[in-house]
Amino acid sequence: MAAFRDMEEVSQGLLSLLGANRAEAQQRRLLGRHEQVVERLLETQDSAEQRLREILAAEEEVAQSLLDAKERAHRGGVELQQLEAELRKAGEEDTRLKASLLQLTRELEELKETEASLERQEREVDEDTTVTIPSAVYVAQLYRQISKIEWDYECEPGMLKGIHHGPSVAQPVQLDSTQLSKKFISDYLWNLVDTDW
């Protein structure tokens, strides 16, 4: 801007010089000054062009950096979407595994309860067996002595087989419990017993 002001000043000086018909010395001085102004103007123009090239290069570099940053951001966005999808899948798998673990835990608890129940029942059976078997054996032995019937324990299910050792002869006993009532079977067996003690 200063260069343009100087040029304007020189131009006005030249006009005044020409208009007043002044001396040649003043004209030389103004021409020298005009040359200096033109040189300064050319230097300023060169400097401005250099700065403009630097600014354009910097703008190009910034634009390239911006494009690179946008590309990185795009790639980052794609990677972020992939990571979010993987995270969702992992969350779904985690939920499925937790549900499976919960189901297995419930089954394990049920099995523990079943095992505890079976152990209780086994203890109860052991206790009953300890008490009942000797008394059952006693009752069976007593009944055998009274009834004098020797039972066949290897006969087919539903059949009662054995041999009654009566006062005079032994006779076979064979009853089908699927066709006869329990009362009839009981009465029949007790009728075999000799009540003349």
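Starting at the first residue of the stretch 81-93, write each ³J(HN,Hα) from the Karplus equation 6.51 cos²θ - 1.76 cosθ + 1.60 with θ = phi - 60°, in whole Hz, x for Gly and Pro.
4, 4, 5, 5, 5, 5, 5, 4, 4, 5, x, 5, 4
Suppose the chain between residue 44 and residue 69 were pulled fully straight at 0.36 nm per residue; how much longer would it get relative to their current alpha carbon spacing?
5.4 nm
Which value in nm describes the separation of the simple spin-label points at residue 144 and residue 85, placed 7 Å from the Cα toward the beta carbon?
8.1
Heavy atoms only, probe 1.4 angstrom, no DNA, RNA or ligands counted: give me 151, 190 ranked by accessible area, highest first.
So, going from the largest accessible area down, we get 190, 151.
So between residue 183 and residue 124, what do we pick up on full extension, going 0.36 nm a residue minus the alpha carbon distance?
18.1 nm
Cα-Cα pairs above 22 Å in the stretch 50-182: how many percent?
75
Per-residue HN-Hα couplings for the stretch 176-184, Karplus 6.51 cos²θ - 1.76 cosθ + 1.60 at θ = phi - 60°, whole Hz, x for Gly and Pro?
Rounded to whole hertz, the list is 9, 6, 7, 10, 10, 7, 5, 5, 4.
The values are calculated or read from the model by the stated rules, or taken from the named source; none is laboratory data. Values in this document were obtained by computation on a predicted structure and should not be read as measured data. Don't worry about glycine lacking a Cβ; one is built from the backbone with ideal geometry, like all the others, and counts go over all protein chains shown. Surface areas here come from the heavy atoms of the whole protein model, side chains and all, with no ligands, DNA or RNA. Shrake-Rupley method; radii C 1.70, N 1.55, O 1.52, S 1.80 Å.
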